[in-house]
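Shown next, in structure tokens, is the structure this report addresses.
FYI, it's all coordinate maths here, none of it is from the lab. The structure presented is a predicted model; accordingly, all values stated were derived computationally and were not measured. Counting neighbours? That spans all protein chains shown, and the Cβs are built from the backbone with ideal geometry, glycine included.
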Amino acid sequence: MTIQNSGRPTRRRFLQHAVVAAMAPALLTPNFASAQDASLIEAAKKEGKGSLYAVTDPTIIQAFVAKFKEKYGIELEITRLISGALGQRLTSEHDSGTPVADVVMDTDKLLQETLAAKNMFTPIDIMPGVAAYPASTKTAYSVIISHIPYSLVWNKDLVKDPPKSWEELADPKWKGRLLTIDPRVGGSPALWHVLMRDTYGDNFVRALGQNAQLAPSVVPGLQQIAAGAKAVYAPGIHQVVVGLLSKDAPLGEAFLQPTISSDTSMMIMQKAPHPNIARLISAFALSIEGQAVLNKDGFSPIEGVPGTLPLPKLTTPDFRTVKEKIPGIMTLLGVN
């Protein structure tokens with residue numbers, strides 16, 4: 001695969017930032033506390049159990065929560081939803097004045113902007129360690145904690161000569177053997193379809209619709225590929241593939257070009273019921289240790305994280321125009 005120079009901070013630079021942050025007097029910056037700040041940990045423990053809403057792969061988020069409990073002795077309740085349902089849940093809680101979530105990990109940038117416009121997130125400067133992250137990973141209210149480049153995935157028992165480009169998925173030989181993500185899911189899945197249309201044209205999208213069955217979510221979709229119900233999945237998510245490979249699934253994977261990244265961003269809720277736990281979660285997620293859990297065999301925004309991979313070259317279409325393009329894509333796919 002092609003590798004780009006990501007401009008991500010090196011481990012040395014990251015640790016230098018962390019050391020400086022840890023040495024900063026708390027009285028000078030009242031909202032600041034380092035991941036190792038005993039007062040923050042003590043305050044978080046007094047708040048009881050925290051709440052984490054995430055779209056992250058269940059194996060990864062469970063490992064993160066387990067490591068967090070092991071390190072700090074604090075339990076986190078996980079609510080795992082796809083982005084659309086996540087947005088509805090957060091909006092409902094916000095509008096009713098009954099907030100539950102402390103921290104949110106999500107991949108839908110448009111949804112994040114919509115919720116941020118309602119002042120639902122805190123400024124990111126309350127997150128300990130965030131200064132060490134590059135500007136390209138941050139907005140006023142979010143920071144990217146994982147890059148998730150989309151890939152092509154196939155069952156190696158069923159496919160001996162996998163496609164070498166996305167365009168090959170238009171070949172009639174894949175008819176009935178292909179699964180593709182439903183663009184109505186929104187967010188990055190829809191963005192991938194926009195990229196395919198922009199790159200290969202309307203005829204490619206029509207052929208994709210003729211050959212493929214739409215999957216409502218990547219996890220059950222890839223499980224079908226692993227089970228041999230279908231042969232090829234596009235686009236796949238590497239972290240889900242890794243989880244299936246750990247169970248000896250016969251999967252192959254390639255990062256075809258062009259591709260996008262379904263970046264996972266982290267936000268702290270403005271009305272978090274457990275604000276100190278929220279800050280501690282963010283501190284751990286941004287640390288080298290937390291990154292190693294969140295991005296095991298995956299792609300961290302910072303360099304030098306043990307067990308992570310170099311980032312493939314990415315394309316970044318304008319996510320703000322995606323929603324208006326979905327109806328046209330559905331028509332080309334043959335779905336009304």
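Take the Cα of LYS164, go 7 Å toward its beta carbon, and the backbone nitrogen atoms of the stretch 250-281 under 17 Å from that spot belong to 253-258. Residue order for ASP248, ASP202, ASP106, fewest other beta carbons within 10 angstrom first, comes to ASP248, ASP202, ASP106. Helix content alone sets the calculated 222 nm mean residue ellipticity of the chain: runs of n ≥ 4 DSSP H residues at -39500 (n - 2.57) each, divided across all residues, give -12000 deg cm²/dmol.
Label-to-label distance, THR316 versus THR91, with points set 7 angstrom from Cα along the beta-carbon direction: 2.6 nm.
Quick check on the exposure proxy: order LEU40, LEU208 from fewest to most C-beta atoms within 10 angstrom.
Ordered by Cβ neighbours within 10 Å, fewest first: LEU40, LEU208.
Measuring r between the beta carbons of GLN224 and ASN119 and using R0 = 41 Å, the FRET efficiency lands at 0.50.
Across the stretch 150-260, Cα-Cα pairs more than 21 Å apart make up 26 percent of the total.
Consider a paramagnetic label point 7 Å from the Cα of GLU77 along Cα→Cβ; state which residues of the stretch 260-302 have an amide N under 12 Å from it. Flagged as within label range: 273-274. Normalised by the number of residues in the chain, the mean separation of alpha-carbon contacts (under 8 Å, six or more apart) gives a relative contact order of 29 percent.
Footprinting exposure proxy ranking of LEU191, LEU311, fewest other C-beta atoms within 10 angstrom first, gives LEU311, LEU191.
Against the chain, whose longest principal axis comes from its Cα atoms, helix 275-286 is set at around 60 degrees.
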